[in-house]
Amino acid sequence: MWFFNSPEIVFGEDALSYLDELSGRRAFIVTDPVLHKLGFTETVAAHLHKAGLEVAYFAEVEPEPSLETVYRGTEAIRAFEPDWIVGLGGGSAMDAAKAMWVLYERPDLTADAISPLEKLGVGKKARLIAIPTTSGTGSETTWAIVLTDTTEGRKLGLGSRETLATLAIVDPSLTAALPPRITADTGIDVLVHAVEGYTSQWRNDFSDGLCLKAAQMVFEYLPRAVADGSDREAREKMANAAAIAGLGFGNSMAALAHAMGHALGAVFHQPHGRCVGLLLPYTIEFVTTGGVSRYADIAHFLRLPCDDDETSSAAALAGAIRDLMQQIGQPVSIAEMGVSRADFDAALERLCDFSEMDTQIVMSARIPERDELVKLYRYAYEGRVVEF
Ligand SMILES: [Zn+2]
């Protein structure tokens, strides 16, 4: 028995105006201070007001949101008693909103109880709307929640099939003003979701097609969206690709690049997409060397020039990903990311510890032993092709 979960998705130009018809009494917007300052809360609130809803907001979600922030937001939600919660922003705001939603519904729980093993019973007090303002995490279509335990400096992978938004609004106008750097950092994450969702241990017939399509869209439209932010077609396609990849990997799981990338991001405070994108080609090479691979399907779907065998097609895919990253100005090694050799060496054991604790590592088609993980990080630091 398996499942495929999806929110209702409204996408394309003017998707936000769907909110004008929403029925309910009170909506609570969860967002970050930067978006709030830029007027995004107001824009969304205007639509909700049209629908006759009372609106309140919490605009204090930081990047890599902490448990403390989630508890603080939950208090504000409890005081307002909304029947809709709106996660507005990148993955951080949407993930924080998901966690706050659960804790609002279930005051008896703490955040660490949000796992597939716990029957949550959400949806009795409120429903969740996810509105992405970046094209990357796909949090609008997944149930995953990534929070940070600030006492340990570690990322927590939470979520259950119940922590999926009821409604996702994918409106490309919200990403129109994103600077090229953020467009690239977030956009490359879409590709990692697509490739890992297609190759993880939990890959399945329902997510396969979504992952292939999303990968193709990233190669076609991400360079355009980075080069010219006003390219409306590229923005719309990337917004859709992010949600499509979210549906894909959200129903199959991410894998090794995410396990290692979460660790890299937490230790060196680097953006999520930059970390997982950097690591993806190395993990492709590592998994292929182990003799397991579905990368050939992806390489062929993308029509990459390569021979028919697994090794040559996986190498072509890893090479195409490195080319794409260089084209959009992303680092392809940890050294290029600006991490000094001394800092890297000092952090290596911790990087491996965090990777081994990450839930995504067991999803890899080839799970590295500790010494292999150490080597993988070293190769990724130096930018060497993985041959072990
Ligand atoms: Zn990701």
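The values are calculated or read from the model by the stated rules, or taken from the named source; none is laboratory data. Only a predicted model underlies this, so the values are computations on that prediction, with no experimental measurement involved. Glycine also receives a Cβ, built like all others from the backbone with ideal geometry; neighbour counts cover every protein chain displayed. The area values use the complete protein model at the heavy-atom level, side chains included, leaving out ligands, DNA and RNA. Shrake-Rupley method; radii C 1.70, N 1.55, O 1.52, S 1.80 Å.
Descriptive notes on the structure:
- The three principal axes of the C-alpha atoms in the range 180-382 carry coordinate ranges of 45, 35, 30 Å, sorted with the longest axis first.
- In degrees, nearest ten, helix 91-105 long axis to first principal axis of the chain (Cα): 50 degrees
- Of the chymotrypsin sites (Phe, Trp or Tyr not before Pro) found in the range 270-375, none is in coil by DSSP with at most 11 other Cβ atoms within 10 Å of its Cβ.
- Degrees between helix 370-382 axis and first principal axis of the chain (Cα, 0 to 90, nearest 10): 90 degrees
- Whether the range 67-128 is rounded, prolate or oblate, judged on the alpha carbon gyration tensor where a/c under 1.5 counts as rounded: rounded
- Mean ellipticity per residue at 222 nm, deg cm²/dmol - from DSSP H runs of n ≥ 4 across the chain, formula -39500 (n - 2.57): -16000 deg cm²/dmol
- Extension gain for ALA177-ARG341 works out to 55.5 nm (0.36 nm per residue, less the C-alpha to C-alpha distance).
- Farthest positive-ward along the range 211-286 dipole, Cα basis, beta-carbon charges - from ALA266, SER230, LEU256: ALA266
- Per-residue accessible area (protein heavy atoms, 1.4 Å probe) orders SER230, SER293, SER66 as SER230, SER293, SER66, starting from the largest.
- DSSP-assigned coil residues among GluC sites (Glu not before Pro) in the range 93-200, each with at most 15 further Cβ atoms within 10 Å: GLU118, GLU152
- Remark: the chain is approximated by an ellipsoid whose semi-axes, taken from the C-alpha gyration tensor as √(5λ), come to 34, 23, 19 Å, largest first.
- Summary of the geometry: the range 212-236 and the range 340-388, compared by the centres of their Cα atoms, lie 30 Å apart.
- Exceeding the 18 Å Cα-Cα cut-off - candidates LYS50/LYS237; LYS37/LYS98; LYS213/LYS237: LYS50/LYS237; LYS37/LYS98
- Aspartates and glutamates whose Cα lies under 20 Å from that of LYS124, excluding same-chain neighbours fewer than 8 positions away: GLU8, GLU54, GLU75, GLU81, ASP83, ASP95, GLU105, ASP108, GLU162
- Within the range 180-382: Cβ-based charge dipole about Cα centre, in debye rounded to nearest 20 (Lys, Arg +1; Asp, Glu -1): 440 debye
- Put a plus charge on the Cβ of each Lys and Arg, a minus charge on the Cβ of each Asp and Glu, and nothing anywhere else: the dipole of the chain about its Cα centre is then about 440 debye.
- Within the range 1-67, chymotrypsin sites (Phe, Trp or Tyr not before Pro) in DSSP loop having at most 15 other beta-carbon neighbours inside 10 Å: TRP2, PHE3, PHE4
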